[in-house]
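J.: My questions will all concern the structure given below.
The values are calculated or read from the model by the stated rules, or taken from the named source; none is laboratory data. None of the values given here were measured: they were computed from a predicted structure. All Cβ positions, even for glycine, are placed from backbone atoms using ideal geometry, and neighbour counts span all protein chains on display.
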Amino acid sequence: MLRARLAHLLVALAATLVLPAAATADPVVRFGKVDRSGNVTLSVRGAGPTQRVTVPRTMARELAAQARRGGLRVSTARDGFTGNMLRLVAGSGRQAMIVDRMRRGGPNGQSGASALRLQVGGLAFHVGRTTVVRPGKGGKVIGRSGPSRNGAYLMGSGEAAGKGGLQWYFVRTGKKTTNVAAPLVPFNPYGTGSAGVTAQPARIVGAGALLGE
């Protein structure tokens with residue numbers, strides 16, 4: 001009887017010791033400082049491998065503002081063919097701001113282009129950086145990489161097609177995320193990738209400077 005009680009006590013004690021180690025903290029999305037080119041690098045930790053994604057300052061500021069008002073959720077997965085997949089969802093409802101980084105086509109609106117995708121208010125855009133090759137039609141420019149090769153708009157109002165160097169662009173896309181709570185689906189023709197986290201609430205760090213606080 002004494003031996004059984006002692007064994008039960010040891011099991012209960014082991015459980016209390018293991019639980020804190022097994023508990024996981026919320027992911028953290030850190031907003032970096034604005035660099036000389038007007039870009040901000042976001043780093044995502046605690047949701048699988050650390051990921052970093054660079055976005056224009058205006059995009060980072062709006063993402064931070066929406067996150068402050070309605071929270072920020074992170075989804076990740078390890079794509080065995082093209083690397084890490086990431087989705088950030090700031091706010092909720094139709095006006096939620098969704099930023100995807102995926103380089104292979106898939107279900108639930110996953111992008112097949114080598115660019116970020118921004119979705120807000122029911123509209124979706126590929127967003128990326130490219131070197132402008134030549135002017136296009138209707139105010140568009142023809143870029144060197146990604147969706148910009150078919151014609152895109154420069155994001156900076158003061159930019160000119162002949163300026164040279166990497167410039168941010170955007171172009172409409174019909175691919176949309178219809179369910180932000182659905183997990184990302186890894187793509188790998190030689191096997192399967194690995195799941196990460198899905199719509200996990202995240203803490204934001206370093207957004208104050210962007211919001212003028």
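J.: Restricting to the stretch 62-83, count the residues that are touching a residue at least 60 places away in the same chain (Cβ under 8 Å) and not in a loop (DSSP other than H, G, I, E, B).
T.: Going through the stretch 62-83 one residue at a time, the tally reaches 12.
J.: Considering only the stretch 52-78, state which residues are more than 27 Å from residue 154 (Cβ to Cβ), modelled with pLDDT of 90 or more and among the hydrophobic types (A, V, I, L, M, F, W, C).
T.: 72, 74
J.: Could you pull out the residue among 31, 81 that is surrounded by 20 or more Cβ atoms within 10 Å (Cβ to Cβ), of a type in the set (Phe, Trp, Tyr) and either under 16 Å from residue 196 (Cα atoms) or at pLDDT 85 or above (or both)?
T.: 31
J.: In the stretch 103-127, which residues are at pLDDT below 90 and small (Gly, Ala, Ser)?
T.: Passing the criteria: 105, 106, 109, 111, 112, 113, 114, 115, 121, 122.
J.: Scan the stretch 119-154 for residues that are part of a strand (DSSP E or B), over 18 Å from the mean Cα position of the chain (by Cα), surrounded by fewer than 20 Cβ atoms within 10 Å (Cβ to Cβ) and not basic (Lys, Arg) and report the count.
T.: The qualifying residues number 5.
J.: Quick check on this structure: which one of 161, 207, 202 is modelled with pLDDT of 90 or more, touching a strand residue (DSSP E or B) at 6+ places or on another chain (Cβ under 6 Å) and under 23 Å from residue 36 (Cβ atoms)?
T.: Going through 161, 207, 202 in turn, the sole match is 207.
J.: Return yes or no: is residue 177 of a type in the set (S, T, N, Q), at pLDDT below 90 and under 14 Å from the mean Cα position of the chain (by Cα)?
T.: Considered against the rule, which asks whether it is of a type in the set (S, T, N, Q), at pLDDT below 90 and under 14 Å from the mean Cα position of the chain (by Cα), residue 177 comes out as yes.
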